[in-house]
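**Student:** I am attaching a structure below and will ask some questions about it afterwards.
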Amino acid sequence: MDITIQPRKLSGHVTAIPSKSQAHRLLICAAFADRPTELICPDTNRDIEATADCLKALGAKITRTAEGYLTEPIVQTPESAVLNVCESGSTLRFMLPIVGALGVDATFQMAGRLPQRPLSPLWEELERKGCRLSRPTADTIRCTGKLKPGAYSIDGGVSSQFITGLLFALALIPGDSHLEVTGKIESRPYIDMTKKAMELFHAPAFRSPGCITVEGDWSNGAFFLAAKSLGNEIDVSNLNPSSPQGDRAAAQILPALKQFATVDAADIPDLVPILAVTAGAKSGAAFQNIHRLRIKESDRVASTISMIEALGGHAEASEDTLTVWGTGFTGGTVDAQNDHRIAMAAAIAATVCSEPVTILGAEAVNKSYPKFWEEYTRLGGNYEQHLR
């Protein structure tokens, strides 16, 4: 789906959708709990559904309700299972150690750019501790064997998702196990989210709290917070200022972009596209520690630069710094490159453009925010849809 947006200011109220990151973690904990858990999560997306489907393949009964999800925990795991993780890196990296802990012969099906995203050094650590991993085809992974208790070690500099997956696995492996994280830890707030979810369920006992509400998502709320900072009359609610979500940093970074700013992107890779748009419309910014952006849904350094340049701005990157100049935007055609955050960032940029903005592949928003275009229209956005 391609769309063309006419430049127009937005106005109105937005209730932040439930946190995708927290929903993943709570669904996993609920699947191993001692009794059913009701998860208040009125909005869902492809990534959350991928995690729910994988847990169902392992024996959990997860029912979509008007309020969210009712999860009846796994009673007995199957000997083998097929887990379709779609394009969700979180789902794959969380579930891979989990099936190893359970000893399930599992085949993972992947889509999009996910087969090219890194699994090392998680792959090697799982094999060192008892699993056997292979790539039967370019878009599948097979995991057999069973993880043994003991000492685990992982480099924290590639992905916090590896650490989360191992934390879940170690809680499920009988016996005494512990995890050592070496090197610099990237995206530490996401690890804190995992620990808080596990504490809520008293892991490794996994005692269900009964009913839990997924808090609002700072990652997606940031798009509308940025719109407000760009002069759109928007109020955003359902965002917890004391949330463990690292992307709550948007509340502090956006005001700082009134002048040229230097932003450390190490813990906030998902915010960079919309912060780059904000900086380009204002006074510019330099985003440091951007190396991990290259292994997201798109090469997010390249796709962000492409977006900024397509809109009439200017950006460039060195090995670990992305610099966006405060040139303002005129409009143009942006290829979302199957990246939901590029599509949404371009839509917000359209509110400060002088000419129309066309977004190729606008359906990419379904990965995290399926009702984004509905919300955009409700707030006064005006776009025409072109079906390919």
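Values quoted throughout were computed directly from the atomic coordinates according to the rules given, and no laboratory measurement underlies them. Predicted model only: the values in this text are computed from it and were never measured. Ideal geometry is used to build each Cβ from the backbone, glycine not excepted, and the neighbour counts take in all protein chains shown.
**Student:** Find how much the distance from Lys148 to Ser283 grows on full extension, using 0.36 nm per residue of separation minus their present alpha carbon separation; answer in nm with one decimal.
**Tutor:** 43.2 nm
**Student:** Would you mind putting 197-208, 271-282 in packing order, based on average other-beta-carbon counts within 10 Å, highest first?
**Tutor:** 271-282, 197-208
**Student:** Can you give the local net charge around Ala66? Use residues other than it whose beta-carbon is closer than 13 angstrom to its beta-carbon, Lys and Arg +1, Asp and Glu -1.
**Tutor:** Result for the local shell: -2.
**Student:** Then there's this: Set the Förster radius R0 to 41 Å, insert the Cβ-Cβ distance between Thr15 and Asp105 as r into 1/(1 + (r/R0)^6), and round the FRET efficiency to 0.05.
**Tutor:** 0.45
**Student:** Do you know the relative contact order of region 20-213, to the nearest whole percent, from alpha carbon pairs under 8 angstrom that are 6+ apart?
**Tutor:** The normalised contact order for region 20-213 reaches 23 percent.
**Student:** Further, regarding this structure: Using only the Cα atoms of region 45-120, build the gyration tensor, take square roots of its eigenvalues as a ≥ b ≥ c, and label the shape rounded, prolate or oblate: rounded if a/c is under 1.5, else prolate if a/b is larger than b/c, else oblate.
**Tutor:** Oblate, because a/c is 1.5 or more while a/b does not exceed b/c.
**Student:** Taking 25 Å as R0, compute the FRET efficiency from the Cβ-Cβ separation of Trp325 and Gln252 and round it to 0.05. Present the calculation step by step, with values, prior to reporting the outcome.
**Tutor:** Details: r = 22 Å, r/R0 = 0.89.
Calculated value: 0.65.
**Student:** At a 10 angstrom cut-off on C-beta neighbours, averaged per residue, how do the peptides 353-363, 172-182 rank from highest to lowest?
**Tutor:** 353-363, 172-182
**Student:** Per q in 0.13, 0.18 Å⁻¹, report the Debye log10 I(q)/I(0) for region 20-213, using one uniform scatterer on each alpha carbon and no solvent.
**Tutor:** Results for region 20-213 at q = 0.13, 0.18 Å⁻¹ read -0.62, -1.28.
**Student:** What's the center-to-center distance, using Cα atoms, between region 317-388 and region 192-253 in Å?
**Tutor:** 23
**Student:** Same structure, new question: Based on the inverse mean of 1/r over its pairs of different Cα atoms, what is the Kirkwood hydrodynamic radius of the chain, in Å?
**Tutor:** In the chain this quantity evaluates to 21.3 Å.
**Student:** Hey, another quick one. Report, in whole Å, the centroid distance computed from the Cα atoms of region 7-28 and region 255-315.
**Tutor:** About 20 Å separates the Cα centre of region 7-28 from the one of region 255-315.
**Student:** Calculate for the chain the 222 nm mean residue ellipticity that helices alone would give, adding -39,500 (n - 2.57) per DSSP H run of length 4 or more and normalising by residue count, nearest 500 deg cm²/dmol.
**Tutor:** -10000 deg cm²/dmol, from helical runs alone.
**Student:** Within the set of other residues whose C-beta is less than 10 Å from the C-beta of Ser306, count the net charge using Lys and Arg as +1 and Asp and Glu as -1.
**Tutor:** Residues close to Ser306 contribute a combined charge of -3.
**Student:** Right, here's the next one. Once you put a point 7 Å from the Cα of Thr377 and another 7 Å from the Cα of Glu199, both along the Cβ direction, what distance in nm separates them?
**Tutor:** 4.3
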